[in-house]
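Scroll down for the structure; my scribbles are underneath it.
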Amino acid sequence: MAIQRTFSIIKPDATKRNLTGKIAAKFEEAGLRIVASKRIQMTLAQAQTFYGVHSERPFFGELCEFMISEPIVVQVLEGEDAIAKNREVMGATNPAEAAEGTIRKEFALSIGENSVHGSDAPETAAEEIAFFFSGLELVG
Ligand code: GDP
């Protein structure tokens, strides 16, 4: 497997509870390198665009309001098979179904307030990285 980059968000429920460092440590322990990182607060328009694929889902409004409720930490993670590895470290969307040792099992509050986002495919990873980071911020 080749070295890949993936996009991650430490979500409002986690930044609010001061879990940024603990979550970053999970990435690093799994062999993922944090090659870019910044703390921001999204606008509603940004959240609606970022989660546009879910616009028809019943939880869309709730999801966007949650994502703008507090600052988030957006990161680019790099490593061998990074997209799949990050999904593994994150755990299932619903923390009740997440495996032991995963971020969502340890830290998530609910299916909505589930502490982290991670890209699900190479195309979405590239799009999501470009949505939040300029080339100048990606030194590797
Ligand atoms: P992910 O790739 O594991 O993050 O999951 P999805 O792409 O299916 O969903 C995106 C995000 O929408 C999830 O991480 C949750 O924050 C939120 N979400 C998904 N399902 C629900 C739900 O049933 N209720 C609420 N409130 N939020 C949800």
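The values are calculated or read from the model by the stated rules, or taken from the named source; none is laboratory data. Predicted, not measured: the structure shown is a model, and the values here were computed from it. Cβ: placed from backbone, ideal geometry, glycine included. Neighbour counts: every protein chain shown.
Summary table
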{"quantity": "Test set (1) more than 15 Å from the ligand (Cβ to nearest atom); (2) farther than 23 Å from GLU137 by Cβ; (3) modelled with pLDDT of 95 or more - ILE3 fails condition number", "calculated": "(2)"}
{"quantity": "Members of the range 24-48 found to be buried (at least 16 other Cβ atoms within 10 Å of the Cβ), over 17 Å from PHE66 (Cβ atoms) and touching a strand residue (DSSP E or B) at 6+ places or on another chain (Cβ under 7 Å), listed by number", "calculated": "ALA24, PHE27, LEU32, VAL35, ALA36, SER37"}
{"quantity": "Tally of residues being out of contact with any His (no Cβ under 9 Å at 6 or more places or on another chain) and aromatic (Phe, Trp, Tyr) across the range 1-49", "calculated": "1"}
{"quantity": "Number of positions in the range 13-64 that are within 15 Å of the ligand (Cβ to nearest atom) and charged (D, E, K, R)", "calculated": "5"}
{"quantity": "Output for the range 32-67, where each listed residue is touching a Pro at 6+ places or on another chain (Cβ under 8 Å) and free of Cβ contacts under 8 Å to residues at least 40 places away in the same chain", "calculated": "ARG39, GLN41"}
{"quantity": "Residue list for the range 79-105, filter: charged (D, E, K, R) and free of Cβ contacts under 8 Å to residues at least 24 places away in the same chain", "calculated": "GLU97, GLU100, ARG104, LYS105"}
{"quantity": "Candidate set from the range 77-131 (those that are charged (D, E, K, R) and surrounded by 20 or more Cβ atoms within 10 Å (Cβ to Cβ)); member that is farthest from the ligand (Cβ to nearest atom)", "calculated": "LYS85"}
{"quantity": "Cβ pairs under 6 Å, 6+ apart, first in the range 110-136 and closer than 24 Å to GLU80 by Cβ and in contact (Cβ under 8 Å) with a residue 24 or more places away in the chain, second of a type outside the set (Ser, Thr, Tyr) and more than 14 Å from the ligand (Cβ to nearest atom)", "calculated": "ILE129/VAL76; PHE132/VAL74; PHE133/ALA36"}
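So that you can scan it fast, the table gives a plain yes or no per residue for (1) touching a strand residue (DSSP E or B) at 6+ places or on another chain (Cβ under 6 Å); (2) modelled with pLDDT under 95; (3) among the acidic types (Asp, Glu):
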{"site": "ILE83", "(1), (2), (3)": "yes, no, no"}
{"site": "VAL89", "(1), (2), (3)": "no, no, no"}
{"site": "GLY101", "(1), (2), (3)": "no, no, no"}
{"site": "ILE111", "(1), (2), (3)": "no, no, no"}
{"site": "ASN114", "(1), (2), (3)": "no, no, no"}
{"site": "HIS117", "(1), (2), (3)": "yes, no, no"}
{"site": "GLU123", "(1), (2), (3)": "no, no, yes"}
{"site": "GLU128", "(1), (2), (3)": "yes, no, yes"}
{"site": "GLY135", "(1), (2), (3)": "no, yes, no"}
